[in-house]
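Engineer: Structure incoming, see below.
The values are calculated or read from the model by the stated rules, or taken from the named source; none is laboratory data. Owing to the predicted nature of the structure, the values given are computational and were not obtained by experimental measurement. Neighbour counts are summed over all protein chains in view; Cβ atoms, including those assigned to glycine, are modelled from backbone coordinates with ideal geometry. Please note that ligands, DNA and RNA were not included when accessible areas were found on the heavy atoms of the full protein model with its side chains. Shrake-Rupley method; radii C 1.70, N 1.55, O 1.52, S 1.80 Å.
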Amino acid sequence: MTNTVRIIINDQTYDVPAGMNLVDAAKWYANDDIPVFCYHPKMEPVGMCRMCLVEMGTIEKDRATGQVVLDENGQSKVRWMPKLQTACTTTVSDGLVIRTQTQQVQDARQNVVEFLLTSHPLDCPICDKGGECPLQNLTMEHGPGVSRMAFSDKMRLDKHVPLGDLIFLDEERCIQCARCVRFQDEVVGDDVLAFHERGRSLQIITNSEPGFDTYFSGNTTDICPVGALTTADFRFGARPWELTEVPSICPHCPVGCNISLSTRLDRDFGGKTLIKRVMPRQNEQVNEIWICDKGRFGHHFSRSEDRLEDPLVRERSGRLFAKSWTDALAAAAEALKAAGSDVAAIAGSGMSNEDLWALRQLLAGLGSRRLGAWPPTHAGAEVVAQVGVGQGTNLGQLGRGDAVLVIASDLEEEAPIWRLRLKQAADRGAFLLVMNARPTRMDDFAAQTIHYETGEAVQALLALKDSDAWKQLAEAHNLVIVAGAEGLSLDGSRALAGAAANILLETEHVGKPNSGLLAVLPGANAMGLHYLGFTPAATLDIMQNPPKVLIVTQADLLLDDPTAAHWLAKVETIISLDLFASGLTQQLAAVALPIQSFAERDGSYVNGERRVQRFYTAQGPMGQALPAWQALSRLGEQLGQGTAKLSAAAVMVEIAQNVPAFAGVSFKELAKVERQYPDVGGKDLYYGGTAYRNRGGLGIQIPTAADQGQTVARFEAAADEPPKTRGKLVIVPSVRLYNRERTFRPSALVHARVPEAYAEINSADAKKLGIQDGDTVEIAIQNAPALRVRAHVNGGAPKGTVIVPRHLSDTAAPLAVTVGEVSKAEG
Amino acid sequence: MNVIRGFATTFKHLLEEPVTYQYPEQIRPFAERYKGRHELKRYDNGLEKCIGCSLCAAACPADAIWVEAAENTDEARYSPGERYAKTYEINMLRCIFCGYCEDACPTEAIVLGHEHRLSFTNRKDAIFTKDMLIDPVPEGGQATPQKVEPGVFTRAIPDMEDPK
């Protein structure tokens, strides 16, 4: 147990853990909110704003005897410090005495506020922070009614400075607390903001090109205690008190950040409810109080113009016609009846658990078990289900004595919040080992980096035992292995997950919190796909032996897989349930059914840490769209599979009864919350920023086999043969966080940051092929249309390898590692 | 005698001017502070005073006001400062003419005027949009949006001098 110390706050005695910050301790244990501007519970104190001044003293002890000195009343005597002290730079210690409500303290607070307001503009009516502004609140609470400063001395500064494309700085409003600078430096590790000049001329600047170049910039607007930093997305969108908060889960990556959708009616949107902004919602075990910019600004797809709004049926002429749900479902049912059991389904990882269950039931009713998970790039979910990170894992607790191994993944691009939290774990002293064939951002934070040959991740992992890093991993108190699939085939990624699991089993790092395997699976619900029986292996089987009827749900086959058109041609009928009207729906679907996005209905996702998390309805449906579970359930009804389900909660009840992993899970259980440290989101916005308190539920983590005490056998981890190049180059698809996927394309704001389609080519290969940095090249791959991209020759790719980021153009990049020829293209 | 006195009163009133106003041909002057239909005011140069801050909507006890804001640029400027009201609507069926909106307004943009002839034949007509509420462009002023010199209209709220 941690040591506790006894402190006295306003004459009340409290026992608090030793080493705790005084502001945190007073808030958590004494419910005493010491006002702060610069202090933030997630960052190191700096004591710059002087708002947290308190009377401080220590209980006097006799130097000779160590006895507490008593005064004439028999009370212990306090040796008060001559001046007020900053609470935020004080760590609690035994015998510490503070007073936070005396006249002296109140005067000090009033003076600090008055001083901060000398040059603060009276902008509150037009300021986006107005209504949830720490400075506004603390001025009302502690500030003077009138200022003694001369109005003519007010500074007049630029009110509209873009720090990059996403964040605007109002120089007048800034109170120079350095929270944003420190956040970028301490928490993120992207040191792109800085103070410029000194004294009254001090300003925040960005020193990166492009400006504010980080994936986490939006968080600075949350922790900014004034309206100095505002997002371009929400700028003047609404006043905070007009917004309705709806708890939700970010649909973009396996981290499963808890978010809050701020909605309001909108005249331009037909007077209907609309998402105005996305804010983080505190879940200390998942995303703490941070979200990445993709999550924050990537909500626009939910009402993109490309959304499919009506059920469509393709007539003989080959054209799609809008039909009623009844007619469209009848057409789908007819095709399914004719196909018998020659049916298969491919489900995208944006589908909720309820959708997946309905799809599985539909296929089971037809006698088919061919359930494919999309995209079929990462295996290893089944390994995670056995030796994944233990129940109760919190990456925020990893530190000294622990170790983290990241292999074959570019975490910055694939799961930004994991990257942020693991960077902090490394800062706290965890041993971070990064292994990849190419340099990635994670290398910057690693204690050790190992670069292996492209495609030889498994070999590198097996060889780890003989390296000097092994001791650090084997003897670590906790060990987390984060395994991706970059540069690997599906079999290769399965072998990698197996090899990683074997290390965990060997070093006994399974079945306990803060240890185990994390797979960087694509999409928000890849683990849900696994638990409900959808596998990437089945997808490969479907691609090789196409069925008569294929049901595709929220999977962008044509944009993900360059060979999709080739193998889909063999499918007789495609029934597409999709968010978007372009792509597969428009080109190939015989029946297209519009479904609702994550923002429009209730449901649940399972994140990469196997946490089942619930999201709620935020905005109305687009057109006639239905939740996918409902559309599938009604289709089942047409096929005589029993009455359709009426609510997502009812579907979850059925899942809980039939799928062992979901035993005990219900919407009610998922909605349970408990008090989290630090206590942000209350009325004291100055403490933690504007991240929301979690009211929607913390979720339930599914136990692994190891958690349940089962013995897990070692996995097969035979190394994959490296692809035979025969003089060609190895094409390795990679992931970029900002890309042109249909779920991100409508966020026009961020699109200035999406790179033009490119490929990283090694300088030696480039020289041989006569390619220079910036040339347009053509990449030819079997069975797929040629890719025309710009060549980057800047040390990003190992020899013999071409790194091709996926989803940067309308031409699909290869789904998995392959070989191809690169040639210089004209023009 | 009493009868005569009674008749005298009657005849006297017959000869007096009638007190009835022949509304609507004839309209009584209003008290200066009469609270009639809202008017959105403009500055002399034609820029709108309203900055879309939505404080009127927050103050409104009847939830009758709907404001949506957007950002000004120097190419298309509606009001001084960065923010203007893109949508401004008052539902006159809900409005109780309390004048709290006027009190809440930081720029004195919304004023309850003397217009009182508010009748509608359906609910939709009761919603007064910004076009219906805003004052005409004053003489010598320009209509909004205006194209203006950069850096001139940077303040949303007129400067207030030191409290005297």
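Engineer: Can you find a residue that is in contact (Cβ under 8 Å) with a residue 40 or more places away in the chain, within 14 Å of another protein chain (Cβ to nearest Cβ), assigned to a loop (DSSP other than H, G, I, E, B) and out of contact with any strand residue (DSSP E or B) (no Cβ under 7 Å at 6 or more places or on another chain) anywhere in the stretch B:140-150? Step through it out loud before you land on a result.
Structural biologist: Keep residues of the stretch B:140-150 that are in contact (Cβ under 8 Å) with a residue 40 or more places away in the chain, which gives B:140-150.
Adding the requirement that they be within 14 Å of another protein chain (Cβ to nearest Cβ) leaves B:150.
Restricting the remaining residues to those that are assigned to a loop (DSSP other than H, G, I, E, B) gives B:150.
Narrowing further to those that are out of contact with any strand residue (DSSP E or B) (no Cβ under 7 Å at 6 or more places or on another chain): B:150.
Looking for residues that are in contact (Cβ under 8 Å) with a residue 40 or more places away in the chain, within 14 Å of another protein chain (Cβ to nearest Cβ), assigned to a loop (DSSP other than H, G, I, E, B) and out of contact with any strand residue (DSSP E or B) (no Cβ under 7 Å at 6 or more places or on another chain), one finds at least one in the stretch B:140-150, hence yes.
Engineer: Inspect the stretch A:15-29 for any residue being free of Cβ contacts under 8 Å to residues at least 40 places away in the same chain and of a type in the set (G, A, S) and give the result as yes or no.
Structural biologist: no
Engineer: Pick from A:A766, A:A791, A:A784: which is assigned to a helix (DSSP H, G or I) and in contact (Cβ under 8 Å) with a residue 12 or more places away in the chain?
Structural biologist: Values: A:A791 fails: assigned to a helix (DSSP H, G or I); A:A784 fails: assigned to a helix (DSSP H, G or I).
It is A:A766.
Engineer: Select from the stretch A:231-248 the residues that are of a type in the set (S, T, N, Q) and open to solvent by 10 Å² or more (accessible area, probe 1.4 Å) and write down the one among them that is farthest from the other protein chains (Cβ to nearest Cβ). Break it down stepwise before answering.
Structural biologist: Step one: of the stretch A:231-248, the residues of a type in the set (S, T, N, Q) are A:231, A:244, A:248.
So of that shortlist, the ones also open to solvent by 10 Å² or more (accessible area, probe 1.4 Å) come out as A:231, A:244.
Numbers: A:T231: 13, A:T244: 14 Å.
In this case the residue turns out to be A:T244.
Engineer: Tell me whether the stretch A:21-28 contains one or more residues that are open to solvent by 30 Å² or more (accessible area, probe 1.4 Å) and among the polar types (S, T, N, Q). Give the derivation first.
Structural biologist: In the first step, residues of the stretch A:21-28 are kept if they are open to solvent by 30 Å² or more (accessible area, probe 1.4 Å); the result is A:28.
Now drop any that are not among the polar types (S, T, N, Q), which leaves none.
So far as the stretch A:21-28 goes, no, none of its residues is open to solvent by 30 Å² or more (accessible area, probe 1.4 Å) and among the polar types (S, T, N, Q).
Engineer: Which of the residues that make up the stretch A:630-647 are open to solvent by 10 Å² or more (accessible area, probe 1.4 Å) and of a type in the set (G, A, S)? Can you show your working first?
Structural biologist: Looking only at the stretch A:630-647, we keep the residues that are open to solvent by 10 Å² or more (accessible area, probe 1.4 Å), and these are A:630, A:633-634, A:637-647.
If the condition is that a residue be open to solvent by 10 Å² or more (accessible area, probe 1.4 Å) and of a type in the set (G, A, S), then A:S633, A:G640, A:G642, A:A644, A:S647 are the ones that fit.
Engineer: Being within 13 Å of another protein chain (Cβ to nearest Cβ) and over 16 Å from B:E39 (Cβ atoms) is the filter here, so list the residues in the stretch B:78-108 that pass it.
Structural biologist: Those that are within 13 Å of another protein chain (Cβ to nearest Cβ) and over 16 Å from B:E39 (Cβ atoms): B:Y78, B:P80, B:G81, B:E82, B:R83, B:Y84, B:K86, B:T87, B:N91, B:P106.
Engineer: Given the condition of a type in the set (S, T, N, Q) and either open to solvent by 40 Å² or more (accessible area, probe 1.4 Å) or in a loop (DSSP other than H, G, I, E, B) (or both), answer yes or no: does some residue in the stretch A:731-739 qualify? Quick ask: steps written out before the conclusion?
Structural biologist: Of all residues in the stretch A:731-739, those of a type in the set (S, T, N, Q) come to A:734, A:739.
Those still in the list that are either open to solvent by 40 Å² or more (accessible area, probe 1.4 Å) or in a loop (DSSP other than H, G, I, E, B) (or both) too: A:739.
Yes, there is a match, as at least one residue in the stretch A:731-739 is of a type in the set (S, T, N, Q) and either open to solvent by 40 Å² or more (accessible area, probe 1.4 Å) or in a loop (DSSP other than H, G, I, E, B) (or both).
Engineer: Give me the pairs, please: first residue somewhere in the stretch A:356-370 and open to solvent by less than 10 Å² (accessible area, probe 1.4 Å), second residue anywhere and among the basic types (K, R), beta-carbon distance under 8 Å, and either six or more positions apart or on two chains.
Structural biologist: Filtered contacts from the stretch A:356-370: A:L363/A:R369; A:L363/A:R370.
Engineer: Can you name every residue in the stretch B:39-69 that is touching a strand residue (DSSP E or B) at 6+ places or on another chain (Cβ under 8 Å), of a type in the set (G, A, S) and within 11 Å of another protein chain (Cβ to nearest Cβ)?
Structural biologist: Within the stretch B:39-69, B:G52, B:S54, B:A57, B:A69 meet the criteria.
Engineer: Please name all residue pairs, on different chains or six or more residues apart, with Cβ atoms under 7 Å, provided the first residue is in the stretch A:555-580 and is touching a residue at least 24 places away in the same chain (Cβ under 8 Å) and the second residue is among the polar types (S, T, N, Q) and open to solvent by less than 30 Å² (accessible area, probe 1.4 Å).
Structural biologist: Between residues of the stretch A:555-580 that are touching a residue at least 24 places away in the same chain (Cβ under 8 Å) and residues that are among the polar types (S, T, N, Q) and open to solvent by less than 30 Å² (accessible area, probe 1.4 Å), the close pairs are A:S576/A:T585; A:L577/A:T553; A:D578/A:T585; A:L579/A:S597.
Engineer: Something else now. Give the residue that is modelled with the lowest pLDDT, with candidates limited to residues of the stretch B:74-126 that are within 17 Å of B:C50 (Cβ to Cβ) and β-branched (V, I, T).
Structural biologist: Among residues in the stretch B:74-126 that are within 17 Å of B:C50 (Cβ to Cβ) and β-branched (V, I, T), the one modelled with the lowest pLDDT is B:T107.
Engineer: Give the number of residues within the stretch A:126-170 that are touching a strand residue (DSSP E or B) at 6+ places or on another chain (Cβ under 9 Å) and of a type in the set (A, V, I, L, M, F, W, C).
Structural biologist: Adding up the residues that qualify gives 9.
Engineer: What number of residues in the stretch A:113-134 are outside any loop (DSSP other than H, G, I, E, B) and either within 13 Å of chain B (Cβ to nearest Cβ) or not hydrophobic (A, V, I, L, M, F, W, C) (or both)?
Structural biologist: Applying the first criterion (outside any loop (DSSP other than H, G, I, E, B)) to the stretch A:113-134 yields A:113-116, A:124-126, A:134.
Among the residues that remain, those that are also either within 13 Å of chain B (Cβ to nearest Cβ) or not hydrophobic (A, V, I, L, M, F, W, C) (or both) are: A:114, A:124-126, A:134.
Within the stretch A:113-134, residues that are outside any loop (DSSP other than H, G, I, E, B) and either within 13 Å of chain B (Cβ to nearest Cβ) or not hydrophobic (A, V, I, L, M, F, W, C) (or both) number 5.
Engineer: Can I ask one more? Just to be sure before I move on: is A:P210 assigned to a loop (DSSP other than H, G, I, E, B) and open to solvent by less than 20 Å² (accessible area, probe 1.4 Å) in the structure I sent? Give the derivation first.
Structural biologist: Numbers: assigned to a loop (DSSP other than H, G, I, E, B): yes; open to solvent by less than 20 Å² (accessible area, probe 1.4 Å): no.
Taking the combined requirement at face value, the residue does not satisfy it.
Engineer: (1) surrounded by 15 or more Cβ atoms within 10 Å (Cβ to Cβ); (2) away from chain A (no Cβ under 11 Å); (3) not in a loop (DSSP other than H, G, I, E, B): which one isn't true of B:D131, the others all being true?
Structural biologist: Going through (1) surrounded by 15 or more Cβ atoms within 10 Å (Cβ to Cβ); (2) away from chain A (no Cβ under 11 Å); (3) not in a loop (DSSP other than H, G, I, E, B) one by one, B:D131 breaks only (1).
Engineer: Also: Quick one: in the stretch A:1-25, which of the residues that are β-branched (V, I, T) and out of contact with any Leu (no Cβ under 8 Å at 6 or more places or on another chain) is farthest from A:M43 (Cα to Cα)?
Structural biologist: So in the stretch A:1-25, the residues β-branched (V, I, T) come out as A:2, A:4-5, A:7-9, A:13, A:16, A:23.
Add one more test, that the residue is out of contact with any Leu (no Cβ under 8 Å at 6 or more places or on another chain), and what stays is A:2, A:4, A:9, A:13, A:16, A:23.
Details: A:T2: 21, A:T4: 22, A:I9: 23, A:T13: 27, A:V16: 20, A:V23: 12 Å.
Here the answer is A:T13.
Engineer: From the list A:V612, A:V653, pick out the single residue that is buried (at least 23 other Cβ atoms within 10 Å of the Cβ), at pLDDT 95 or above and outside any loop (DSSP other than H, G, I, E, B). Explain how you work it out, then say what you get.
Structural biologist: Working: A:V653 fails: buried (at least 23 other Cβ atoms within 10 Å of the Cβ).
Answer to the selection: A:V612.
Engineer: Need the failing condition index for A:D222 against (1) at negative phi; (2) out of contact with any helix residue (DSSP H, G or I) (no Cβ under 8 Å at 6 or more places or on another chain); (3) open to solvent by less than 10 Å² (accessible area, probe 1.4 Å); (4) without any contact (Cβ under 8 Å) to a residue 60 or more places away in the chain, just the number.
Structural biologist: Unmet condition: (4).
Engineer: Let me ask you something else. Restricting the stretch A:743-758 to residues that are in contact (Cβ under 8 Å) with a residue 60 or more places away in the chain, in a helix (DSSP H, G or I) and not charged (D, E, K, R), which is least open to solvent (accessible area, probe 1.4 Å)? Reasoning before the result, please.
Structural biologist: First, the residues of the stretch A:743-758 that are in contact (Cβ under 8 Å) with a residue 60 or more places away in the chain: A:743-750, A:752-753.
Narrowing the set further to residues that are in a helix (DSSP H, G or I) leaves A:748-750, A:752-753.
Next cut, not charged (D, E, K, R) only: A:748-750, A:752.
Working: A:A748: 76, A:L749: 52, A:V750: 0, A:A752: 76 Å².
Out of the qualifying residues, it is A:V750.
Engineer: Shifting gears a bit: Looking at the stretch A:709-730, can you tell me whether even one residue there is within 30 Å of A:D578 (Cβ to Cβ), of a type outside the set (G, A, S) and touching a strand residue (DSSP E or B) at 6+ places or on another chain (Cβ under 6 Å)? Steps first, please.
Structural biologist: Narrowing the stretch A:709-730 to residues within 30 Å of A:D578 (Cβ to Cβ): none.
Within the stretch A:709-730, not a single residue is within 30 Å of A:D578 (Cβ to Cβ), of a type outside the set (G, A, S) and touching a strand residue (DSSP E or B) at 6+ places or on another chain (Cβ under 6 Å).
Engineer: Find all pairs meeting these conditions: Cβ atoms under 7 angstrom apart; at least six residues apart or on different chains; first residue within the stretch A:262-273 and within 9 Å of another protein chain (Cβ to nearest Cβ); second residue assigned to a strand (DSSP E or B) and open to solvent by 20 Å² or more (accessible area, probe 1.4 Å).
Structural biologist: A:R264/A:T244; A:R264/A:K276; A:L265/A:K272; A:L265/A:T273; A:D266/A:K272
Engineer: I need the full set of residues from the stretch A:171-202 which are part of a loop (DSSP other than H, G, I, E, B), in contact with a strand residue (DSSP E or B) (Cβ under 6 Å, 6 or more places away or on another chain) and more than 19 Å from A:R156 (Cα to Cα), in order please.
Structural biologist: A:V192, the sole residue that qualifies.
Engineer: Based on this model, can you work out whether B:L112 counts as open to solvent by less than 40 Å² (accessible area, probe 1.4 Å), more than 11 Å from chain A (Cβ to nearest Cβ) and within 29 Å of B:V152 (Cβ to Cβ)?
Structural biologist: Numbers: open to solvent by less than 40 Å² (accessible area, probe 1.4 Å): yes; more than 11 Å from chain A (Cβ to nearest Cβ): yes; within 29 Å of B:V152 (Cβ to Cβ): no.
Judged against the criteria, B:L112 is not a match.
Engineer: For the stretch A:282-293, how many residues are of a type in the set (D, E, K, R) and buried (at least 23 other Cβ atoms within 10 Å of the Cβ)? Steps first, answer last, please.
Structural biologist: Of the residues in the stretch A:282-293, the ones of a type in the set (D, E, K, R) are A:284, A:288, A:293.
Retained after the next criterion (residues that are buried (at least 23 other Cβ atoms within 10 Å of the Cβ)): A:288, A:293.
Matching residues across the stretch A:282-293 total 2.
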